[in-house]
Every structure is written in structure tokens, then in C-alpha cells.
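Visitor: Please read through the structure below; I'll follow up with questions.
The values are calculated or read from the model by the stated rules, or taken from the named source; none is laboratory data. Keep in mind the model is a prediction, meaning the values are calculated, not measured. Don't worry about glycine lacking a Cβ; one is built from the backbone with ideal geometry, like all the others, and counts go over all protein chains shown.
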Ligand code: HEM
């Protein structure tokens, strides 16, 4: 029971970091940076995104280890015994992770290279692509949090 409590606390904290970070980036930092001159704005995101994405990698590792860890040890009947909310959470969670891996190794690497070589127009277009993917993940994340947090109320 102590392990489940600790693991699911880590799970909730990882969720907080990833989804909270996306909400902050979208609703707070982006509008605040909108009026900045393009090179400055790109430079800001060039510094912000690597730091945030490091936290996202840590969150993903924590979510997977804690989520699958408790199931592996038989929490709520294990892999086959849990409610449908756990299946839904896994599906949306794995889609979020796949989106992030694509974002990290595709547009994010291109963005960094374009900012570093001062190709501002192309860098801005790539930043727009990153924003779209983060928006999709933010919506999926909010949905997944609601499912994960309330599933026990409706699935049992
Ligand atoms: C992808 C693999 C994942 C697995 C295997 C997994 C597994 C679990 C399990 C077993 C629980 C406990 C549910 C219960 O008590 O009935 C849980 C809870 C929860 N999950 Fe996930 N989860 C995953 C991904 C995610 C993601 C990506 C998010 C959010 C972005 C998320 C958010 C939550 C929340 C908010 C809770 C309720 C609080 C807590 O118990 O920590 N999960 N998850």
C-alpha cells in the first residue's frame, strides 16, 4: 500500500509538471512574448524549450514507471483487472508520448538549428509547428488528467 501511495503520488506530480508546463507555455508565456521582436522571441523560446523538454522527459519516465509499476504489482487487479479509465489513460498517454517524441526529434531539433543559424523566418514557422503539437498534447493531457483523477468514481 505504501508503494502504491508513493508511486501514484509521483504519477500525479509528473502529470502536474508536464500538463501544467504546457498550460503555462500556452496561456502565459506565449501571449506575454508575442509583442517581442522576432529574434528576441525566438531566442527566448530557444532557451525555454530545452529546459522544459528535459522536465517532460523526466515526467514521461516517471509516468511510465509509476503507472505500469503499480499495474505490474497488481494494483486494482493489475493489467487485466483495472477499470476502463486506466485503458483510456494509457491510450491517450501513449499518444501524448508519441507526439512528444516526434516533436522532440523533428521540429524541435530543426527549430534549434534554425535559430542558431539565424534563419528567423524558418525558425518562426517551426516554432508554430511546435506550438500546434503542444496544443494537441495539452488538450489530450487535460482530458487524461480528468480521466485519471475521476476514473475511480465512475469505473468502479
Ligand atoms: C501511459 C501510461 C499510464 C499508465 C499505465 C497509467 C496508470 C495509472 C494508474 C494505474 C492510475 C491509478 C488509477 C486508479 O486509482 O484507479 C493512474 C492515475 C492517474 N493518472 Fe495515469 N497512467 C498513465 C499515463 C498517464 C498520463 C499521461 C497522465 C496525464 C497526463 C495520467 C494522469 C493520471 C492521474 C491525474 C491519475 C490520478 C492521480 C494518481 O493516482 O496519481 N496518467 N494512472
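Visitor: Report, by residue number, each residue of region 1-11 that is in contact (Cβ under 8 Å) with a residue 24 or more places away in the chain and surrounded by fewer than 15 Cβ atoms within 10 Å (Cβ to Cβ).
Guide: 3, the sole residue that qualifies.
Visitor: Residue 72 fails exactly one of the following numbered conditions: (1) exposed (fewer than 12 other Cβ atoms within 10 Å of the Cβ); (2) under 26 Å from residue 128 (Cα atoms). What is the number of that condition?
Guide: Unmet condition: (2).
Visitor: Continuing with this model, one more query. Inspect region 132-139 for any residue being more than 16 Å from the ligand (Cβ to nearest atom) and under 18 Å from residue 45 (Cβ atoms) and give the result as yes or no.
Guide: Taking every residue of region 132-139 in turn, at least one turns out to be more than 16 Å from the ligand (Cβ to nearest atom) and under 18 Å from residue 45 (Cβ atoms).
Visitor: Could you please find all residues in region 98-107 being within 16 Å of residue 59 (Cβ to Cβ) and surrounded by 19 or more Cβ atoms within 10 Å (Cβ to Cβ)?
Guide: 100, 103
Visitor: May I pose another question? Considering every residue within region 23-45, establish whether at least one is closer than 23 Å to residue 130 by Cα, under 12 Å from the mean Cα position of the chain (by Cα), in a helix (DSSP H, G or I) and in contact (Cβ under 8 Å) with a residue 12 or more places away in the chain.
Guide: Yes, the conditions are met somewhere in region 23-45.
Visitor: So is residue 95 buried (at least 17 other Cβ atoms within 10 Å of the Cβ), within 16 Å of the ligand (Cβ to nearest atom), part of a helix (DSSP H, G or I) and modelled with pLDDT of 95 or more or not?
Guide: no
Visitor: Within region 62-80, can you find the residues that are closer than 21 Å to residue 6 by Cβ, more than 8 Å from the ligand (Cβ to nearest atom) and more than 19 Å from the chain's Cα centre (by Cα)?
Guide: Hits for region 62-80 are 69, 72, 73, 74, 77, 78, 79.
Visitor: Under 6 Å by Cβ, and 6 or more places apart or on different chains, what pairs join a residue from region 145-156 that is closer than 18 Å to residue 13 by Cα and in a helix (DSSP H, G or I) with one that is modelled with pLDDT of 90 or more and more than 7 Å from the ligand (Cβ to nearest atom)?
Guide: Between residues of region 145-156 that are closer than 18 Å to residue 13 by Cα and in a helix (DSSP H, G or I) and residues that are modelled with pLDDT of 90 or more and more than 7 Å from the ligand (Cβ to nearest atom), the close pairs are 147/88.
Visitor: Here's another thing I want to ask about it. Can you tell me which condition residue 2 does not meet? The list is (1) away from the ligand (no atom under 13 Å from the Cβ); (2) at pLDDT 95 or above, and all the others hold.
Guide: Evaluating residue 2 over (1) away from the ligand (no atom under 13 Å from the Cβ); (2) at pLDDT 95 or above leaves (2) as the failure.
Visitor: Do we have residue 86 as within 12 Å of the chain's Cα centre (by Cα), within 9 Å of the ligand (Cβ to nearest atom) and surrounded by 14 or more Cβ atoms within 10 Å (Cβ to Cβ) here? Steps first, answer last, please.
Guide: Values: within 12 Å of the chain's Cα centre (by Cα): no; within 9 Å of the ligand (Cβ to nearest atom): yes; surrounded by 14 or more Cβ atoms within 10 Å (Cβ to Cβ): yes.
The answer is no for residue 86.
Visitor: Mind checking whether some residue in region 111-120 is within 20 Å of residue 57 (Cα to Cα), buried (at least 20 other Cβ atoms within 10 Å of the Cβ), more than 10 Å from the ligand (Cβ to nearest atom) and over 11 Å from the mean Cα position of the chain (by Cα)?
Guide: Scanning region 111-120 turns up at least one residue that is within 20 Å of residue 57 (Cα to Cα), buried (at least 20 other Cβ atoms within 10 Å of the Cβ), more than 10 Å from the ligand (Cβ to nearest atom) and over 11 Å from the mean Cα position of the chain (by Cα).
Visitor: Just to check your reading of the model, which residue among 47, 41 is away from the ligand (no atom under 13 Å from the Cβ) and loosely packed, with under 15 Cβ neighbours inside 10 Å?
Guide: Step by step, each of 47, 41 is checked, and only 47 is away from the ligand (no atom under 13 Å from the Cβ) and loosely packed, with under 15 Cβ neighbours inside 10 Å.
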